[in-house]
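Undergrad: Before we start, here is the structure in question, set down as structure tokens.
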Amino acid sequence: MALLSSSPSPAIPPRLSFSRRNCLPPPHCRHSYNPISSSSYRFPRLRPTAAAASSEVCSPHSLDKSTLSISVADSDDELWAAARLRVRSFYKLNSSSFGIEDHKKYLAEREYEAMKERIDGLRPMFRRVSCLNATLPLSQFTEFFEDFCDECKYTDNGEDRVVVGTLDLNQCLRLPDEITGKRPEGIGADFARAYLSNVCVAKELHRNGLGRELISKSKIVAREWGISDMYVHVAVDNEPAKNLYMKSGFTYENDEPAWQARFLDRPRRLLLWFGLSDLQDWLV
């Protein structure tokens, strides 16, 4: 497994600047799909938990880690590719259902818009948000991965690349509908506390260490932001994801009350903590 350098990473690209009028996907990705009227449709939401190691694990595909890049997303096309990967990872959709491709694109548009609003500071409870992506050159993939690559590819400086893993790093006091971390305490906690959310790796590439490398990079970025305490939420029954976080240095802090999980109609969550003062010991 390739190691991420423990030295300071390159400067983070300038924050993306968006307005609400500019929260549509790139022009070539837009469509006019309207699956069900808004009055009757219950919008699903992307889970702010880890799907990096779900129970549906495929045989590992050998990767050339020398071409792997993990960095903060800095283009609309890359954000759109990350949104498509999240839909593939977080929703179990019947590929034979009528209009399924339009529905997947509709879900991706919702996540894309939400990402852009969070990154641009248009969601008031978030102080700062970045989308970190793990990407590989399209040339690494065979025709066996054609569907995956078609959905998750983008162009960077003339090179076709594929988003193979993604997560959000959120500098904030708490995440909506989630257990709140306890550290650090007192004034300034919203500056020094961060949460990982929407963590996922393409199921075709599980067991390649991509999830752990993505988390390691997020720790470096968080340290540059001045974060001292990092959190992540994970479902109690998601053993692969829990193992991933424990191997990355996270420890148990709290768990969600059963009544809250029932009210939100989801599996109960655990809250895991990592102190960035220990960063040097946990880089991959």
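Undergrad: Of the residues that make up region 178-192, is at least one of a type in the set (A, V, I, L, M, F, W, C) and under 16 Å from the mean Cα position of the chain (by Cα)?
TA: No, that holds for no residue.
Undergrad: Given the options 213, 239, 151, 159, name the one that is farther than 23 Å from residue 65 by Cα and among the acidic types (Asp, Glu).
TA: Of the residues listed, the single one that is farther than 23 Å from residue 65 by Cα and among the acidic types (Asp, Glu) is 239.
Undergrad: Sticking with this one: Assess whether residue 255 counts as being buried (at least 18 other Cβ atoms within 10 Å of the Cβ) and either at negative phi or under 15 Å from the mean Cα position of the chain (by Cα) (or both).
TA: No; evaluated as a whole, the condition is false for this residue.
Undergrad: Being under 30 Å from residue 237 (Cα atoms), at pLDDT 55 or above and either under 21 Å from the mean Cα position of the chain (by Cα) or surrounded by 12 or more Cβ atoms within 10 Å (Cβ to Cβ) (or both), is that true of even one residue in region 39-58?
TA: There is no residue in region 39-58 that is under 30 Å from residue 237 (Cα atoms), at pLDDT 55 or above and either under 21 Å from the mean Cα position of the chain (by Cα) or surrounded by 12 or more Cβ atoms within 10 Å (Cβ to Cβ) (or both).
Undergrad: Here's a follow-up. Just to check your reading of the model, which residue among 213, 224 is crowded, with 18+ Cβ neighbours inside 10 Å and either assigned to a helix (DSSP H, G or I) or free of Cβ contacts under 8 Å to residues at least 12 places away in the same chain (or both)?
TA: 213
Undergrad: Another question, then. Out of all the residues in region 205-216, is one or more more than 20 Å from residue 119 (Cβ to Cβ) and in contact with an Asp or Glu (Cβ under 7 Å, 6 or more places away or on another chain)?
TA: Scanning region 205-216, I find no residue that is more than 20 Å from residue 119 (Cβ to Cβ) and in contact with an Asp or Glu (Cβ under 7 Å, 6 or more places away or on another chain), so the answer is no.
Undergrad: Please determine whether any residue of region 228-245 is on the phi > 0 side of the Ramachandran plot and either touching a residue at least 60 places away in the same chain (Cβ under 8 Å) or surrounded by fewer than 21 Cβ atoms within 10 Å (Cβ to Cβ) (or both).
TA: Checked against the condition, which is being on the phi > 0 side of the Ramachandran plot and either touching a residue at least 60 places away in the same chain (Cβ under 8 Å) or surrounded by fewer than 21 Cβ atoms within 10 Å (Cβ to Cβ) (or both), region 228-245 yields no hits at all.
Undergrad: For residue 86, only one of the following conditions fails: (1) at pLDDT 95 or above; (2) closer than 22 Å to residue 159 by Cβ; (3) touching a strand residue (DSSP E or B) at 6+ places or on another chain (Cβ under 8 Å). What is its number?
TA: With (1) at pLDDT 95 or above; (2) closer than 22 Å to residue 159 by Cβ; (3) touching a strand residue (DSSP E or B) at 6+ places or on another chain (Cβ under 8 Å) applied to residue 86, the lone miss is (2).
Undergrad: Kindly evaluate residue 274 against the criterion of being in a strand (DSSP E or B) and over 16 Å from the mean Cα position of the chain (by Cα).
TA: When the stated conditions are applied, residue 274 passes them.
Undergrad: Could you identify the single residue in 205, 167, 210, 173 that is under 17 Å from the mean Cα position of the chain (by Cα) and within 20 Å of residue 129 (Cβ to Cβ)?
TA: The unique qualifying residue is 167.
Undergrad: For region 134-152, state whether one or more residues are of a type in the set (S, T, N, Q) and touching a Lys or Arg at 6+ places or on another chain (Cβ under 9 Å).
TA: yes
Undergrad: Okay, moving on. Kindly establish whether residue 184 is more than 23 Å from residue 73 (Cα to Cα), touching a strand residue (DSSP E or B) at 6+ places or on another chain (Cβ under 8 Å) and at pLDDT below 95.
TA: So residue 184 passes the test.
Undergrad: Can you give me the ranges of the strands (runs of 3 or more DSSP E) entirely in region 88-206 with at least 1 residues that are surrounded by fewer than 19 Cβ atoms within 10 Å (Cβ to Cβ)?
TA: Correct list: 126-137, 153-156, 159-172.
Undergrad: Can you name every residue in region 72-87 that is surrounded by fewer than 18 Cβ atoms within 10 Å (Cβ to Cβ) and of a type outside the set (D, E, K, R)?
TA: 75
The values are calculated or read from the model by the stated rules, or taken from the named source; none is laboratory data. Worth saying up front: this structure is predicted, and the values here are computed from it rather than measured. Neighbour counts are summed over all protein chains in view; Cβ atoms, including those assigned to glycine, are modelled from backbone coordinates with ideal geometry.
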